[in-house]
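The structure appears right after this line, and notes come after that.
The values are calculated or read from the model by the stated rules, or taken from the named source; none is laboratory data. Because the structure is a prediction, the values reported are computed rather than measured. Neighbour counts are summed over all protein chains in view; Cβ atoms, including those assigned to glycine, are modelled from backbone coordinates with ideal geometry.
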């Protein structure tokens with residue numbers, strides 16, 4: 001029974017994740033007055049990439065294939081730690097939030113490591129940019145997690161995400177949204193559509209991958225997007241005390257709202273210049289820090 | 001009462017940050033106006049029973065701080081043809097850091113203050129001190145006259161927030177009087193900005209120290 005439930009959760013995450021980039025692209029197309037690619041486009045892309053062969057550099061070690069695989073598994077494991085409203089998480093123990101943060105870091109490390117395998121300077125530049133932005137966005141994520149932890153007095157994701165974040169909820173929501181945009185390489189930080197050499201970050205990093213490894217990276221990225229959207233929704237909405245149906249509705253509605261929000265941000269904002277990105281990330285970090293202060297101070301009552 | 005009030009003060013603290021970090025004047029004006037509206041609503045939330053005088057003053061505050069003052073500022077911005085702060089005295093990242101440091105200090109300080117027990121759990125005092133400090137940073141650190149006015153408005157919002165502690169004992173006439181002063185002040189500053197622009201071809205207040213024939 002438990003095994004069946006875990007399999008069901010895994011399938012749910014795996015199948016639903018590629019939907020989000022499709023919705024974002026649909027929103028962008030709709031704002032621009034185009035018809036846009038179908039919502040299921042990423043599924044077609046993944047199927048197409050899966051059938052292709054891999055082009056391997058002669059320099060690359062097996063890490064070139066292992067990196068994306070480990071990263072994908074790490075993100076999938078992180079998704080299983082995140083509770084789905086009152087249904088709880090597949091795996092939950094005291095302190096699992098630390099594992100959650102570290103799994104995300106491991107995923108990033110493995111993607112960057114695999115990217116560096118080919119020895120291409122261009123890919124190296126993309127990895128350097130991705131990792132240097134991650135320093136700030138990770139600090140913001142950890143502060144956000146700390147806020148939730150101070151607010152609920154717990155270090156377990158299931159209890160931390162059950163109530164809303166209290167008085168600092170506006171700050172925390174804004175901060176986590178910034179982190180979501182930065183971690184998933186969305187528009188003010190990086191443009192997922194661009195292939196202009198000088199401004200690429202994430203796309204530059206995965207440029208040398210092809211075939212199934214690229215499909216795994218793309219699928220992992222979409223899972224990470226769903227993961228952050230769900231984390232943001234659960235941090236802002238008090239889903240814990242709701243009934244199962246209401247909670248499911250709230251979660252789906254919240255994730256859809258975040259996704260549409262990302263699409264609208266991408267339609268309205270241009271990519272920021274490189275030197276302004278750290279400032280925006282610092283703002284996100286400070287928003288989370290203020291939420292922490294509010295939780296700390298407000299919790300004293 | 002406290003959770004919703006704390007929520008609004010949290011929003012105001014976030015807006016302080018946005019005002020400090022943004023270089024575009026329309027964005028700063030928008031942040032200040034939303035902050036003014038959020039703080040204007042607070043007397044209604046703090047009163048346990050409905051009081052028409054409090055509601056009237058609150059609505060008046062929201063109207064003035066949320067619509068009249070931003071409108072005057074936007075008109076001054078348009079007339080003077082300035083869109084963004086070019087080179088502030090204190091850069092955007094350092095001023096963000098100063099604002100964050102100020103907010104942390106405000107929270108720490110308010111824990112040390114001997115407050116009434118009913119105010120101990122609320123964010124009123126840290127929010128007020130943080131807004132005052134943010135206002136000071138903007139007043140000192142910005143070169144354009146309109147940004148300095150926005151700093152002054154944030155400073156005033158902080159003082160207003162502090163005044164809410166005494167809402168039961170201060171006559172609301174005082175609040176209304178401050179609001180009137182503020183509106184007239186912004187009105188006058190709008191005219192002055194126009195004059196500065198005509199006389200110096202710029203809104204940079206550094207140029208005001210230079211004597212001219």
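Pull up the range B:126-144, narrow it to residues that are buried (at least 23 other Cβ atoms within 10 Å of the Cβ) and within 12 Å of residue B:13 (Cα to Cα), then point me to the one that is farthest from the other protein chains (Cβ to nearest Cβ).
Looking at residues that are buried (at least 23 other Cβ atoms within 10 Å of the Cβ) and within 12 Å of residue B:13 (Cα to Cα), I get B:135.
Can you tell me which of B:203, B:153, B:182 is in contact with a strand residue (DSSP E or B) (Cβ under 8 Å, 6 or more places away or on another chain), crowded, with 16+ Cβ neighbours inside 10 Å and over 19 Å from residue B:44 (Cα atoms)?
B:203
Mind checking which residues of the range A:208-236 are over 30 Å from residue A:45 (Cα atoms) and surrounded by fewer than 22 Cβ atoms within 10 Å (Cβ to Cβ)?
A:236
Answer with yes or no whether residue A:253 is free of Cβ contacts under 8 Å to residues at least 24 places away in the same chain and either within 14 Å of another protein chain (Cβ to nearest Cβ) or over 16 Å from the mean Cα position of the chain (by Cα) (or both).
Answer is yes for this residue.
In the range B:100-124, what residues are outside any loop (DSSP other than H, G, I, E, B), surrounded by 15 or more Cβ atoms within 10 Å (Cβ to Cβ) and facing chain A (nearest Cβ under 8 Å)?
Residues satisfying the conditions are B:100, B:103, B:104, B:107, B:110.
Picking from B:40, B:14, which residue would you name as being facing chain A (nearest Cβ under 8 Å) and crowded, with 22+ Cβ neighbours inside 10 Å?
Being facing chain A (nearest Cβ under 8 Å) and crowded, with 22+ Cβ neighbours inside 10 Å holds for just one of B:40, B:14, which is B:14.
From the list B:39, B:53, exactly one residue is within 16 Å of the chain's Cα centre (by Cα) and either in contact (Cβ under 8 Å) with a residue 24 or more places away in the chain or closer than 21 Å to residue B:135 by Cβ (or both). Which is it?
After ruling out the rest, the residue left standing is B:39.
If we scan the range A:117-124, do we find a residue that is buried (at least 18 other Cβ atoms within 10 Å of the Cβ) and assigned to a helix (DSSP H, G or I)?
Yes: the range A:117-124 contains one or more residues that are buried (at least 18 other Cβ atoms within 10 Å of the Cβ) and assigned to a helix (DSSP H, G or I).
Within 14 Å of chain B (Cβ to nearest Cβ), closer than 19 Å to residue A:133 by Cα and under 17 Å from the mean Cα position of the chain (by Cα): which single residue out of A:281, A:225, A:286, A:181 fits that description?
A:281
Kindly check whether there is at least one residue in the range A:150-173 that is within 16 Å of the chain's Cα centre (by Cα), surrounded by fewer than 24 Cβ atoms within 10 Å (Cβ to Cβ), within 14 Å of chain B (Cβ to nearest Cβ) and at pLDDT 85 or above.
Yes, the range A:150-173 has at least one match.
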